[in-house]
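See structure below.
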Amino acid sequence: MEEAAVAFTEVSKVYPGEVKALDRISLRIPRGEWVAVMGPSGSGKTTFLNLLDGLDRPTSGQVQLLGTNIADLAPAEAAVFRRENIGLVFQQFYLIPYLTVLENVMLAQYFHSMVDEGQALEMLESVGMGHRASHLPSQLSGGEQQRACIARALVNDPGIILADEPTGNLDEANEEKVFEIFRELHRGGKTIIVVTHDRVLGNLAQRRIVLNHGRIAEDTYNGNRAGECTASIVG
Amino acid sequence: MFFRLLANSLARRMSRKLLAAFAVWVGISLILAFLAVSIDVGDKMNRELQAFGSNIRLEPVAASVPVRVGGHDVPSTAPPAYLEEGELVTLKRIFWKNNILGVVPRLWTRGKTEGREVPLLGVWFEHKIPVEGGEPFATGARRLYKHWKVEGSWPSDRPAGGRISSLVGDTLARKLGVRPGDAIRVTVPSGPATIAVDGIASTGGREDDAIILPLAAAQALAGREGKYSEADISALTTPENKLAEKYGQDPKSLTPAEYERWFCTPYPGSVAAEIQKSVPGSAARVVRKVSETQGAILTRIEGLMFLLAMLTLVACGLSVAGVLTSAVLERREEVALMQAIGASRESVLLLFLSEGAVLGLAGGLLAAATGSFLGQWLVRAVFGSEPELHPALAVLSPFLGLMIVLAGSIWPVWQALNQDTAAVLHGN
Ligand SMILES: Nc1ncnc2c1ncn2[C@@H]1O[C@H](COP(=O)(O)OP(=O)(O)OP(=O)(O)O)[C@@H](O)[C@H]1O
Ligand SMILES: [Mg+2]
């Protein structure tokens, strides 16, 4: 069987004060899959993503990304793994305030390997932000900042994209633009894991995982129960 | 990209960084000023101690308290009240001859002017002692009494026309109402004499009440040719230490080896002993010079200034650390973000420390200018003397700035690097 993009085995995350954010979760996400993670506030969605990107570690169980056990990596190795394989879009738009939009994108290139201004600009154009490249984040609207963040997440061409509420603060027009970007990425064969409250975005995804109190309450492929048609999708 | 990052970070987020650079600037300026004073004090002190102040007083045995030479009491034969001027040449023949920097024989006598009795003091103003097989040794009051302030001109030992020239102590000059260029009529047992006033001397000593004239003239007026009553000698000596102290307490307690060492070290005591041996009927005693007491005070000022500089360094370091800590804490999200998008610790550390380095260097460079300025002003204010320039301090300044800022920022940056990135970014 092909190596999965993500494999969780009996993963639990307990925060100080006995807060069980994730409770013995097991799941597999094959490469190229577009997954929407949904669920009420506090159900453990962000925690789930943090375990994936290696910023956080599970209390018990195993998290594997592309066959690598993230917990086994030293912090420096985890940083390398992250910049090679993962593009992160945050719940809030974290841009560096004293850098222009273009420079923010280039920063990811700088930490990754080489700065390529032309490519960074192309990336911004692909999310419809080419004309705002030389603006500071404070001069942008929320939707524009979010798209700049997406451009930064994509500039190093990662295999896996993790997004936390990418449309949470956007109006419909901006939302539609972000949906289009994700559709495009999916067509390009990227693995996309997006946390969202947005039903439309949830329905666009191939697969929907609903968390509740740190457990998987629902796991469906376009409305069918997982397991039932996994074989056909994974092929 | 790195420099773009650095430049933008510095240019677009100024306020707090300016505060840090300002703290560095003020702190190092003070440090430099204190150090400048400390160094100047040291220089000044050395110069003062090297100046030919007399530190040994030679007197006839009778006039002196019993003195021990090399641990033996000198037999007190019939004590002459005066010493022989001619025997002073032996000073340049003794073991420590090269340590003898100056000598002035002095003869005290009395005369009357305007119905009041005045002390007359004969000295060598400028004199040459012949040295076997060498240049004559030039000495005299003018060289030895550097601290005398003379208004008018220094007299010569043998003025043209056979007149007697003199300095008048300033206290006496005020009483007599004389000025340089005046003449004083003095009556001595052998008759009247006219003394020309070349200058008014402020000496801070007994001489302020006296008329100071060439030794030969005083001898003639007193009828004591070739005699003097005491001599001030300046000798280059080594500061006393434990050994000298031990000798001072009880010379017999020294082991032969220690005695040898004591004898061969130019402690004031050993030089004085040697002089006493070479001049018959004399007693040499070590004079604790005023400048030595001053020296002790100056040493303390020097230490104090150094201490102040160090304390300022600590205070400055702490305040810079405080400013930088809050500046870095303010940027925790930025650090977390950089780490989340794959920055290594090293690259984040490099960025923050470089920023700090720029601030530290800037503050230090500014301080190099203001610090030396402040230091010069302080030296002038405290000592009233012309300050030295200290290029070394100016060079030190940017380095100090660098060190302070790096020391102050390493800890907060390290903290930020070790923070819980996930928690910071997700605002939980
Ligand atoms: N650092 C932490 N320390 C303690 N408890 C935490 C921490 N982070 C999260 N939690 C708790 O863990 C649970 C899951 O949090 P998580 O952020 O994963 O929820 P979420 O599904 O992302 O919610 P939201 O939709 O509001 O973003 C919550 O009850 C939360 O209070
Ligand atoms: Mg969340």
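The values are calculated or read from the model by the stated rules, or taken from the named source; none is laboratory data. The structure displayed is predicted, hence computed values, not measured ones. Every residue, glycine among them, receives a Cβ derived from its backbone with ideal geometry; neighbour counts consider all protein chains shown. Ligands, DNA and RNA are excluded from the accessible area calculation, which covers all protein heavy atoms including side chains. Shrake-Rupley method; radii C 1.70, N 1.55, O 1.52, S 1.80 Å.
Structure remark: mean-square fluctuation, Gaussian network model of chain A, C-alpha springs under 10 Å; the largest value among A:F81, A:F48, A:F111 belongs to A:F111. Evaluated over segment B:55-286, the count of Lys pairs having alpha-carbon atoms less than 18 Å apart is 8 (only pairs 8 or more residues apart or interchain). Of all the options B:G269, B:G401, B:G204, the one that moves most in a Gaussian network model of chain B with Cα springs shorter than 10 angstrom is B:G204. On full extension, the segment bounded by B:L307 and B:L406 gains 33.4 nm, given 0.36 nm per residue less the C-alpha separation.
With a ≥ b ≥ c taken as the square roots of the eigenvalues of the C-alpha gyration tensor of segment B:55-286, please select rounded if a/c is under 1.5 and otherwise prolate if a/b is larger than b/c or oblate if it is not? Intermediate values should be presented prior to the final figure.
Values: a/c = 2.18, a/b = 2.02, b/c = 1.08.
Since a/c reaches 1.5 and a/b is larger than b/c, the shape of segment B:55-286 is classed as prolate.
Spin-label model, B:K242 to A:S113: label points 7 Å out along the Cα-to-beta-carbon direction sit 7.0 nm apart.
Atom-type composition of the exposed protein surface of the protein assembly as shown places 57 percent of the accessible area on carbon and sulfur (1.4 angstrom probe).
In terms of its C-alpha gyration tensor, the protein assembly as shown comes out prolate, because a/c is 1.5 or above and the ratio a/b outweighs b/c.
B:L350 contributes an accessible area of around 90 Å² to the protein surface, as traced by a 1.4 Å probe with all chains present. Once each of the GluC sites (Glu not before Pro) sitting in a DSSP loop with at most 14 other beta-carbon atoms within 10 Å is removed, chain A keeps A:19-227 as its longest stretch.
Ellipticity at 222 nm from helices only: DSSP H runs of n ≥ 4 in chain A, each -39500 (n - 2.57), divided by the residue count, give -10000 deg cm²/dmol.
Once the partner protein chains are put back, segment A:24-53 shows a loss of at least 10 square angstrom of accessible area, versus the chain by itself, at A:T46, A:N50 (probe 1.4 Å, ligands and nucleic acids excluded). Per residue of peptide A:91-101, the mean number of Cβ atoms on other chains within 10 Å of the residue Cβ is 5.
Expressed as a rounded percentage, what relative contact order does segment B:55-286 have, with Cα pairs under 8 Å and six or more residues apart? Spell out each step's value before the answer.
Values: 481 pairs, mean separation 71.8, N = 232.
Taking the mean separation of contacting Cα pairs over the length of segment B:55-286, I get 31 percent.
Can you pull out the buried accessible area for chains B and A, both sides counted, probe 1.4 Å, rounded to the nearest 100 Å²? Walk me through the numbers before you get to the answer.
Working: alone 21970 and 11150 Å², together 30500 Å².
The buried area between B and A, both sides summed, comes to about 2600 Å².
Comparing A:G61, A:G143, A:G188 in a Gaussian network model of chain A, where Cα atoms under 10 Å apart are tied by springs, the biggest mean-square fluctuation is seen for A:G188.
Relative to the longest principal axis of the Cα atoms of chain B, the long axis of helix B:391-417 makes an angle of roughly 30 degrees. Per residue, the average separation of C-alpha pairs within less than 8 Å and at least 6 apart gives segment A:79-196 a relative contact order of 34 percent.
So if R0 is 41 Å, what FRET efficiency would B:F2 and A:D23 give, r being the distance between their Cβ atoms, rounded to the nearest 0.05?
Details: r = 44 Å, r/R0 = 1.08.
FRET efficiency, B:F2 to A:D23: 0.40.
Computed over chain B, relative contact order equals 27 percent, with contacts defined as Cα pairs under 8 Å that lie 6+ residues apart.
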